[in-house]
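The values are calculated or read from the model by the stated rules, or taken from the named source; none is laboratory data. None of the values given here were measured: they were computed from a predicted structure. Glycine gets a Cβ as well: all are built from the backbone with ideal geometry, and neighbour counts include every protein chain shown.
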Amino acid sequence: MNLKKYFIRALHRLQKGPGYTYKELLVWYCDNTNTHGPKRIIKEGPKKKLIWFFLTLLFASLVFWQWGILINTYLSYNVTSSLSIGFKTMKFPAVTVCNANPFKYSEVKHLLKELDRLIEAALERILQPTPGNGSNTSSPPLDLELWHQIPLVLIDEHDKDNPIILDIFESNLAGLSPASVPPQCSHQGSGNCTYRNFTSAAQAVTEWYILQSTSILSRVPLQERIRMGYQAEDMILACLYGAEPCNYKNFTQIYHPDHGNCYIFNWGMDEEALNSSNPGAEFGLKLILDISQQDYIPYLSSAAGARLMLHQQKSFPFLKDQGIYAMAGTETSIGVLVDELERMGYPYSDCTMNGSDVPVKNLYSQYNTSYSIQACLRSCFQNHMIEICGCGHYMFPLPEGVNYCNNEDNPGWAYCYSSLRSSIRHRQICIDSCKETCNDTQYKMTISMADWPSEASEDWIFHILSYERDMSTNVTLDRNGIIKLNIYFQEYNYRTISESAATTIVWLLSSLGGQFGFWMGGSVLCLIEFGEIIIDSLWITVINVISWCKGLKQKRAQARWWRLTPTWASSTRTRVPSPGTRRCPLSPARPHPTTTRCGCSPSTSSGPTAMQKPSERRVTAGCQHCVCVSPAEQSSPLRSN
Amino acid sequence: GPQAPTLSELMRWYCLNTNTHGCRRIVVSRGRLRRFLWILLTLSAVGLILWQCAELLLNYYSASVSVTVQFQKLPFPAVTICNINPYKYSSMKDYLSELDKETKKALETFYGFSEGKSKVRRSVGEWDSAGSDFFKQIPLLKFEDFSKTATDLRSGQKRKIEGSVFHKDSSIVNSGDSNDIIGFQLCDANNSSECALYTFSSGVNAIQEWYKLHYMNIMAQIPLETKEKLSYSADDLLLTCFFDGLSCDKRHFTRFHHPLHGNCYTFNSGENGTVLSTSTGGSEYGLQVVLYIDEADYNPFLVTSTGAKIIVHDQNEYPFIEDIGTEIETAAATSIGMHFTRSRKLSKPYSDCTETGADIPVENLYNKSYSLQICLHSCFQKAMVDSCGCAQYAQPLPAGAEYCNYKKNPNWMYCYYRLHEKFVKEQLGCQQICKDACSFKEWALTTSIAQCLPSVLPLRTDLANLMVFYKDLNERFISENPANTLVILLSNFGGQLGLWMSCSVVCVIEIVEVFFIDSLSIVMRRQWQRAKKWWNDRKRDRSGKAPQAGELERQGHDNPVCIDEDLPTFNTALRLPLPQDSPLPRTPPPNYSTLRLESAFTEQLGTRLDER
């Protein structure tokens, strides 16, 4: 009850608006608003009134039009980008080095023996298609089980509509002349067949070999695979960062499916990332690597050298996409420029800060690495692969409880994989669901090479390096297996493109204010005023409706209700005629008390004190003077006495 | 004087008469709730204005970047070419034979290496165990199991190394290394107990560093003219030269002696006042040179790679070959495509860069225009001269200093290494002092390499073919411009003030007037009155005459003439009709009595009367 009472009182307070009819309210508003037009409408003569009315309307619509444009501009979320170049102390990039060859051939020979024999025979067939010329008569029979899973075939496309498909190991290849027919080969899956065409036999054989060896090696446990790869102490012969020595122990080992063991310097996982505050080769990283070319798997990788990549700390190196090769027997100098792109996040551009809002499970998070779009795309592909083919692809990390594909357990995986890979729909799904990162760092490299070691110095250098590697006095290294790398910051080491909002909220508000002020002299408070008037008019409507309802019921009840609002009960009307003035058009005298908006009680509104009361209305000279005093305020001067 | 006698009156007057919107509403509104709401709204509007204007001010110094690409005839940059090997090994024999002998001895002791398989035979003199002081100066040491014993090279004996000596406790070294570690020890010559140990994970690096240290010592003692003679001449290095399709010769090259790379030759150095430019982009119209790299005459320990180094720079810039040079392979054609970018930053207060370097407290030792590299090197050299007493060999000499060598400064190497370590770790303050240059030119290089056919160039392992050219004649100009001007700032201020309160500068002045000047004067007046009253009271207490004075005051106040003096402002301010117009207000007594209650007003009039 108390609450209700209070509520009613609050309503009454609110209701103490400036008028009791719409017209009064409107006139009051026009008279008292702070926007400049309305006052003129009520103050001027009828013609000018009309002009002012239209002018006000015009300016109001102008304001709204301009506001619309401004708000639209703001909501389009444009950005301006700023570009800065210079030198500053920066984190040295993480450097990943790998051998181009994933495993030592001596270690994996026993696993790939069958495959190697098969490919040798196949190559022989391709080169000499006529049977009988083959020299493999003495060798033991080939294990064709591997072959039948994914056979290499020749496709004769002389007749475009009916290409003739021939298995290489089928005997009657005599009719084909290899000069005129490019050997087009394909893999064949079980059940459904798909052909991947190559124009060159070399390409086809390499691809086929990779596919087969992938399948074989995926059965080998990871620990074993790491053991078969190159070890850090064998690969990293010397390391110097700035003036400080470093060795293979400063490198973090990571297993890369393509390149075997890779080693990352300055990954920043356990230790602080190193800073470099000076440009120039003297302050960079100097490495000497041994890639031992004689131990390469012959058909797997045709390039020899070291694969290296510069990337951000705590990011996964996608060597196959972004890595570069360093040639053996050279000193490769890499000047680094850090190219940073700082994007504004949502809503300015559709990028992600840390990948948490991307609907793809990041499989690379098991390496504790940060999100990148490459990681996302690969995880997305692997997830699709597991969903559709039931096993994971060997190149990508596995989620828990899933195995890698191999020919024994998943005989159809190669077909499934290649159809998935060529599926535009699946690729599009991945592209759509992965977002790029907002802060993107690329390392721009200026690469130059010189021969290394020089003829004059190669003796002692090889000697020391082989002594340090295997404590022998014999030179076990040669020019084909050794690489020197210098990685350092250039004179200008950063180029940052950062986005900033073209239109900020401050800009929007000040433009809105500028427009409103310019056309109508208004401010936000005017809008609130307007809102207040609307509330008042609503209240008047409520009163009218209630009174109308009650009027239908009973006249007495209506009268009592009228008495409930004290302002009505006590207000009286006084017209104060001013001599020699024209009639004020806005406060017409009406006989009925409800139409008057002002009541001036003679006893209290007289005297300067009463005139200073806030409820007094400012009226221009020449008009009628009406003073509205509510009973509460009428009593106030008395109270102050 | 103020518009109202008391603070509350002043406030009311202000609210009714000000041009800002909220205030008037506070006074005009009826009902406590409404008034409270309006006070709240007005205050929040004021708060918003302050916040937004602060935001505008803070963002005032932001720059916008414009990138313009224009096609024009570009001036060709200076191209400095050096052989990686600084001096002909054959002619350096007199100076270096001792050192080389010792180095070979070291190799033999540590690694069992002996010359003989070398393709290029060099005369190996008799090894005399005495008479060499290189190892005495800086002994090469080999550590086993990173324990505290080390094998001295010269004597072969093991000696104890104190644990405190290992300064390399830095993050980068993993202790517990099973491999042998090689390094050298540098001791303070004045205080032999202070030693620093420098270790390397590989002997290659250790021996090179060690050799370089001695080499610098030796070279520091050779005068410049001799060194220039010992190095390659233009005829030695440059075999053929074409520029812009026309042949050129050594007259187009300026010799420039680099301490670590010997004689370098700068093409288009602009020394004679003319800067060449290319008419067209493309490899045909660039610089094409064939360099002769005499690989057989290389110093085996100082440089380990073969080739040349080039650097593309502006005519006013110093070429920092050793830091940022591009290497050129022998027996190959290297083509280098250039992209020209010119950048201009705004200096203070937009960013922390320097226009000319004049405002940086580091003397520019290089006779070239300012760059960050120059500043860093000059700063280090200055620190070196200050703390070690001599100058480092790789950098130019400051006035009055000379290069370090053993004989004069036996302590310099220890000092240098300590200093260098501090420099790298940014403890020397150079990186803090030196700033970026505001405007700079940059040539982005794209290198591609092709093998030379043996039949084309018979001496192919000693030749390097180099092409430097503009890929296109587009100049990319990145310039920063102030994003905000004063006009924009002011119009934004105006917008903000207008939006929230419909306020302008005039109303800001009004606020200052009312809230500071007027209210202050009112407060001051009240204080003055109080003091006066107190004084009067005291007087009255003494004399007993004071009450009469009070009566007089009051009477004076009741006199309408006196009121009229002040009231009109009041009435006009309120825009009220003059009291004469209405019959009612002309009944003064109750009002005056209320006025009388407002003591300050009364007092004020009283004082006026008193003053009269």
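The conditions of being closer than 22 Å to B:H21 by Cα, of a type outside the set (D, E) and either assigned to a loop (DSSP other than H, G, I, E, B) or at pLDDT below 75 (or both) are met by B:C503. Note on region A:34-59: residues that are within 14 Å of chain B (Cβ to nearest Cβ) and crowded, with 20+ Cβ neighbours inside 10 Å amount to 4. The condition of being closer than 30 Å to B:D436 by Cα and either modelled with pLDDT of 80 or more or surrounded by fewer than 15 Cβ atoms within 10 Å (Cβ to Cβ) (or both) holds for only one of A:I534, A:I487, that being A:I487. Of the set (1) away from chain B (no Cβ under 11 Å); (2) surrounded by fewer than 18 Cβ atoms within 10 Å (Cβ to Cβ); (3) assigned to a loop (DSSP other than H, G, I, E, B), all apply to A:F316 but (2).
Counting only helices (runs of 4 or more DSSP H) wholly contained in region B:1-64, the ones carrying 2 or more residues that are more than 9 Å from chain A (Cβ to nearest Cβ) and farther than 30 Å from B:R525 by Cα occupy B:32-58. Scanning region B:266-311 for residues that are under 24 Å from A:T330 (Cβ atoms) and part of a strand (DSSP E or B) yields a count of 11.
So, B:L48, is that one surrounded by 15 or more Cβ atoms within 10 Å (Cβ to Cβ), modelled with pLDDT of 80 or more and more than 30 Å from A:I461 (Cβ to Cβ) or not? Here the answer is yes, as B:L48 does meet what is asked. In region A:499-531, what residues are of a type outside the set (A, V, I, L, M), assigned to a loop (DSSP other than H, G, I, E, B) and surrounded by fewer than 21 Cβ atoms within 10 Å (Cβ to Cβ)? Selection gives A:T503, A:T504, A:G521. The residues of region B:35-94 that are among the hydroxyl-bearing types (S, T, Y) and either under 37 Å from the mean Cα position of the chain (by Cα) or farther than 30 Å from A:I528 by Cα (or both), listed by number, are B:Y60, B:Y61, B:S62, B:S64, B:S66, B:T68, B:T80, B:Y87, B:Y89, B:S90, B:S91. Consider region A:432-466 and keep the residues that are in a helix (DSSP H, G or I) and more than 14 Å from every other protein chain (Cβ to nearest Cβ). The one that is nearest to B:G337 (Cα to Cα) is A:D432. Number of residues in region B:329-345 that are surrounded by 19 or more Cβ atoms within 10 Å (Cβ to Cβ) and either under 20 Å from the mean Cα position of the chain (by Cα) or at the interface with another protein chain (Cβ under 7 Å from one of its Cβ atoms) (or both): the value is 4.
For region A:261-268, the criterion of a residue being assigned to a loop (DSSP other than H, G, I, E, B), of a type outside the set (S, T, N, Q), crowded, with 21+ Cβ neighbours inside 10 Å and more than 36 Å from the chain's Cα centre (by Cα) is satisfied by no position. The condition of being over 30 Å from A:K113 (Cα atoms), away from chain B (no Cβ under 11 Å) and touching a helix residue (DSSP H, G or I) at 6+ places or on another chain (Cβ under 6 Å) holds for A:M309. Annotation: of all residues in region A:462-498 being acidic (D, E) and in contact (Cβ under 8 Å) with a residue 24 or more places away in the chain, the one that is nearest to A:A243 (Cα to Cα) is A:E491.
Within region A:269-306, the set of residues being in a loop (DSSP other than H, G, I, E, B) and within 11 Å of chain B (Cβ to nearest Cβ) comprises A:D270, A:E271, A:E272, A:A273, A:L274, A:S277, A:N278, A:P279, A:G280, A:G284.
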